[in-house]
Each structure stands twice: as C-alpha cells, then as structure tokens.
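Quick notes on the structure that follows.
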Amino acid sequence: PYIQDKGMLRFGKAVEGVVIKGVDEAAVGQVSDLPNIIVAGELRLEPRPPATRTEKQREIAPLAPGSSPVEPLFPPASSTMPGIILGSQLSFRLGVQVGDTLIAISPTGITGMFSSPQVIRLVVTGIFETGIYEYDDTFSYISLGSAQELFLMKENTVTGIELKLDDINAAPQVKDEIDGLLGYPYYTRTWHDMHQTLFRWMKIEKWLYTILLSLIILVAAFNIVSSQIMVVLEKRREIGILKAIGASREQIMRIFFLEGLIIGVIGTGFGLAVGAGLCWAQSTYRFFSLPGDVYFLSSLPVRMEAGDFIVITVVSLALTLLATVYPARRAGSLDPVDTIRYE
C-alpha cells in the first residue's frame, strides 16, 4: 500500500516542491529497491521509543582509551519523530543531512481564505540515490501514518497498492486480470503505462539509429563496389584466360560473389567484436557519463541483445552481397577474345 501526492518541504529558508510518497516500512522492500539504494542513514520512517542509556552510550564513539567521548560526525536522528527519506539531489538543494529536522507542508488543508495548510515535522533518516535525476530531485518517502496525517486521509485509506512481478513482461496480462476483478472506479497502471512517452521515444530513436547505421554500411558498400571494379579491370587477362579454357559466366560471377562475401564476413565479424567489447566495457566501467541535470540518467546505459546483433549481421552481409552484383556481372560478361587479344 502507498499514498502519493504533491507537497512542499521546508528547511530553514529553503523551500522545495516535491512528490511525497507514504509507504509501509516493513513491506516497501518487497516491491521497491528503496532499502538497497540508501546511500546515507537507514530505512526508518516510523517513530521509535526513546533510546535507553546503554543504547545512547553505543552511539558515542570514544577517540582513544582514557580520552573523553565525542559525538559522531552524523549523530543519529531523533527516534521519537517520524522519519523521511530524501533523494540525493533534493537533499542537496534543501541543504539537509541525516539527523536534520524539516517541515512537510500539504495544501490539502486549504479549503478557504482563512484556512491553513496541513503541516508536520519530520526528521531526515536517510538519503537515497537511484541515478535517475528526476527521481532523486523530486521524490521523498514517509510512513503511511505520516502521509495520512499530512494529506488528511482516514485511517486504513491509501492511494493505491503496488505489485511487483517475477516476470516484467507479464504486466499487461496481470493488468487485464486485475481490471476484470475490480472494475470501475479502480484502474491499473503498469510500468509501461506510466512511462509510455519515454518508451515510444526510445522505440523511434532505435529505428532512427538502425537507419543511420544502415546508411553508414551502404557508404562502405560503395567502397566494396569500387574495389571490386578495380579488381575486374586489373584481372581482365586472367578472366579472359579462364573463359578461354572453359570457365562459364556463372563461374566467373561466383568467384567475385565469394570475394565480396569474404570481405563482408571479415568486416562484419570485426565490427561485431569491437562493438561487443565497447558495450561490455561501458556496462562494466561506465566511462561514458551523462550530466544528471540534463538527462535523467547519470551514465549511458547499455544492454546487448542477440536480436540486435543478428539484424546488424544480416543487413551488413546483405548490403555487401548487393555491392558485388555489378562487378560480378561485369566480370562475367567480358569477352575472352577482347581480353587476351593484346596479351
């Protein structure tokens, strides 16, 4: 279960508009990677009882035997106050760190000129980083109880329920099943529905890159045509001798087809090896970084698909074979008498 709405966070004079999401601290790890992407602090949203004296002593780190203890650099957050977890970019813009107390403001309580917004105090218990700028700059997480209080919702009332599937591609089928069970006024949104504009753009971009790379291969194919024509001109005598001793037109053409195929196979294999090596290096070391404030990713994502390699291989070899058609036909149509007359 979750509650999601827009609100504001205030720390000192800094005020930022954010998306506030209330989640169940015990169950959020079953449908989200939030527990694994916290880079500072911990996943603690519910208020806890005050620590005992022994527990507080454990939070103090002594410098050396015999010296006086000092407070740690980031002291633990107040356990008696509800917690909030912020995105890394959002925490940077607010200027907060783990242990700071801020104010969450919701416009839900404003019903007229003399009404005031709903306000609650929260302590920063953690900072997460997804690597996606839009999320790290916008999202914050609080407990379900705090969200119900902030947005003036009744107890046991939530915005929706999140599901995580073992198979990501089964989302449309599960969506249809849930819609059939619940019906109006409930509705279901998959990960694809929530980001359909992005996926549509990525699909168009992929086709554009396919066309662009095909044009590059086509330019390379013209080089094969020119080199094959030069071979035909240089080997006129040899072609004439082969035809004079009985080689047919089809056999001569087959020689040049095989030569073009060998060139295409070697070039395609070398290109695939270089491409696969660069993709592996990027996915491992991420040396192609992206500015997070411009793009929604901090590095160029790469995933190698067998289908892409097959398409590249087929297109490359097809264009290479088409490039050998004209030189092969020209070689096969040479007259042996004219080619060896002056030899």
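Before moving on, here are some points about what is shown:
- Pick from the stretch 232-253, criterion surrounded by fewer than 14 Cβ atoms within 10 Å (Cβ to Cβ) and either touching a helix residue (DSSP H, G or I) at 6+ places or on another chain (Cβ under 6 Å) or touching a residue at least 60 places away in the same chain (Cβ under 8 Å) (or both), ranking: farthest from A318 (Cα to Cα): A244
- Subset of the stretch 16-50 [among the β-branched types (V, I, T) and loosely packed, with under 14 Cβ neighbours inside 10 Å]: V39
- Unique match (being in contact with a helix residue (DSSP H, G or I) (Cβ under 6 Å, 6 or more places away or on another chain) and either modelled with pLDDT of 95 or more or over 26 Å from S32 (Cα atoms) (or both)) among P69, P107, P117, P75: P117
- Some residue of the stretch 293-313 being polar (S, T, N, Q), at pLDDT below 85 and open to solvent by less than 50 Å² (accessible area, probe 1.4 Å): yes
- Residue list for the stretch 223-258, filter: acidic (D, E) and over 14 Å from G332 (Cα atoms): E234
- From the options G83, G95, residue that is under 33 Å from the mean Cα position of the chain (by Cα), on the phi > 0 side of the Ramachandran plot and either at pLDDT 90 or above or among the hydrophobic types (A, V, I, L, M, F, W, C) (or both): G95
- I110 meets the conditions (1) open to solvent by 40 Å² or more (accessible area, probe 1.4 Å); (2) without any contact (Cβ under 8 Å) to a residue 12 or more places away in the chain; (3) over 17 Å from M8 (Cα atoms) in every case but one. The failed one is (3).
- Selection status of S283, modelled with pLDDT under 85 and open to solvent by less than 60 Å² (accessible area, probe 1.4 Å): no
The values are calculated or read from the model by the stated rules, or taken from the named source; none is laboratory data. Predicted, not measured: the structure shown is a model, and the values here were computed from it. For neighbour counting, all protein chains shown are included, and Cβ atoms are generated from backbone atoms with ideal geometry for every residue, glycine included. What goes into the accessible areas is simple: the full protein's heavy atoms, side chains included, and nothing from ligands, DNA or RNA. Shrake-Rupley method; radii C 1.70, N 1.55, O 1.52, S 1.80 Å.
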